[in-house]
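Take a look at the structure below.
No lab work stands behind these numbers, since they all come straight from the coordinates. On a predicted model such as this, the values are computed, not experimentally measured, just so you know. Methodologically, a virtual Cβ is constructed for each residue, glycine included, from the backbone with ideal geometry; neighbour enumeration extends over all protein chains shown.
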Amino acid sequence: MTEAAPRLLMLHGFLSAGVVWDRLRAELGGGALTIAPDLLGWGEAGWRGEPYGLEEMIEALEPILEREWPTHLLGHSMGGIVALALATRFPGRFQAVGVAGLPVFRDRPDGESHIHRRGKLHRALLHTDCVSHAGCVAMYQVRWLWRPLIPVFAPRQPREHLFAAFNHTREGHFSSLNRIVFGDLVPGVAAAGGARVAALHGGRDPSAPLERVRALAREHDWDFRVAPTANHQLIVERPRLTARWIREHLLANPAHATTP
């Protein structure tokens, strides 16, 4: 009897959507059945109610869990927090959890002090949520005007992903950033319900502090790997490397894992 392929639920990060995984899904090919939904407040999964938190985001994913029965989880950036929280909420249900570019922040001032180093654009995005979200709305509405400039200013980013980055609700922008990314949630979900955890981090990641993830990995005995020349967008810009890590460190028997 042929062993069934792993079923991998892929969870995107802040200013992103399910399409961020397209290149990586193509690179993985038939090695896994992949499911890549839009998270609550992003893309097609809009949310116009009150600000929400991690609990509501998990509840929105429960129908997908019941329908698709994923065996493995993979989250990028904010999605890594959600993946760890899912494994904690449903202990023993997943064989392994993968986190790439996991952000570990104590609160918003802590996150801002780190991300502000990325320059004026990122400082502007974090300065006032309502203003930065209005900018996202405007960018999405005129996306066909700046589409020809993508190969010049963002040659390694897929057009669809850049469009998706600006396609979210105000509540999605506010809640995802303040209540999840800056919500000091990672220490509480790091045990991941007993599931094996594999972590991949870019050595040149300017958005998520590398040493904080390294410390968590040591504390909880995660399989922790660093891609020295990769940045925060490694799942998009380095799909071949990321796919190899997924096959050898997330989906495979850990006894057979090698360095990415």
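Data overview
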item	result
Fewest-first ranking of VAL186, VAL142, using other Cβ atoms within 10 Å as the exposure measure	VAL142, VAL186
Order by protection proxy (mean Cβ within 10 Å, highest first), peptides 99-111, 208-220, 152-164	99-111, 208-220, 152-164
Cα gyration tensor category, rounded, prolate or oblate, for the stretch 1-59 with a/c compared to 1.5	prolate
Global form of the chain, assessed from the alpha-carbon gyration tensor, a/c cut-off 1.5	rounded
Point-charge dipole on Cβ atoms (K/R +1, D/E -1) for the chain, about Cα centre, debye to 20	920
Gain on full stretching of the segment that runs from ARG214 to ALA134 - 0.36 nm per residue minus C-alpha separation	25.2 nm
Loop-located trypsin sites (Lys or Arg not before Pro) in the stretch 1-57 whose Cβ has at most 11 other Cβ within 10 Å (DSSP)	ARG48
Global geometry of the stretch 154-260, whether rounded, prolate or oblate, following the gyration tensor of its Cα atoms and the 1.5 cut on a/c	oblate
